[in-house]
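Below is one structure, written out as structure tokens, with a few remarks after it.
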Amino acid sequence: LESFGTAGPQSFVQYYLADCLSIPQSSVMLYTAVISIIIILCAVVSAIATGILQERVSQKKILGIGFVITAFIVAGLSLPRNIWFAGVLLTAFGIALGLFGTVNMSIAYSTAPSLVQGAKYLSLWYLSMRMGNILANYTLGGMLQAFENPIDQSQQAVQSSQQDVANLVSYSRWGYVTIFCVCAACYLVGLIFVFLLDMRRAKSAQQTKDTM
């Protein structure tokens, strides 16, 4: 669920800048590169800070808070019409990426069954994380495609090359509202699973204690 929700802002930021924030087509690639670098740098700093924080706060609590905050961040991306406000939200999203990455790998290593089966376990864990991104790209891409704006035939006639025609394709703002809300919902559902897992483990521990 976390990797599915992450795919929305990561995979469609280039289209988002052009369609929702009215960034000129000639500058979209530059803005996308700068924002991507900022997200990566924030993720690196956040990963280090989260690793230190895990020594004092439980992983489940960090993960739960991260799910809630990220849900609001992703849902908020459908609101701004200003590049600076969107930049702040995407920066916060980068911080969330570092948090999830650190906690996920920490949980994976701490729950690995044994050194012999550890490699197989971690490979399946990593595969499940990446599978969410793959499914999200197809699913969210299909949703966004449903909100495609029709190409102006007069403009299409002026553009002679296929590449220029492709640049005319745009998507309705409601398409981005839809995919970002779906991503936010994934984080909220993930939060529910975190609490259910805690309750299940607490109940199992209590039953074990009662039988002793």
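The values are calculated or read from the model by the stated rules, or taken from the named source; none is laboratory data. From a predicted model like this one, the values you see are computed outputs, not experimental measurements. What goes into the accessible areas is simple: the full protein's heavy atoms, side chains included, and nothing from ligands, DNA or RNA. Shrake-Rupley method; radii C 1.70, N 1.55, O 1.52, S 1.80 Å.
Ranked from the most accessible area to the least, with a 1.4 Å probe and all protein chains present, what is the order of 173, 130, 56, 81? Walk me through the intermediate numbers first.
Numbers: 173 50, 130 85, 56 210, 81 175 Å².
Sorted by accessible area, descending: 56, 81, 130, 173.
Amide H to amide H under 5 Å from residue 171: which residues, 5+ apart in sequence or cross-chain, H placed 1.01 Å off N in plane?
Amide H neighbours of residue 171, under 5 Å, 5+ apart: 149.
Rolling a 1.4 angstrom probe over the protein chains, ignoring ligands and nucleic acids, what is the accessible area of residue 61 in square angstrom, nearest 10?
120 Å²
How large is ³J(HN,Hα) for each residue in segment 15-26, as worked out from phi by the Karplus curve 6.51 cos²θ - 1.76 cosθ + 1.60 (θ = phi - 60°), to whole Hz, x for Gly and Pro?
Using θ = phi - 60°, the values come out as 5, 4, 4, 6, 8, 9, 9, 6, 6, x, 4, 6 Hz.
Taking amide H positions as placed 1.01 Å from N in the peptide plane, with prolines and chain starts having none, which residues 5 or more places from residue 23, or on another chain, fall under 5 Å of its amide H?
Correct list: 18.
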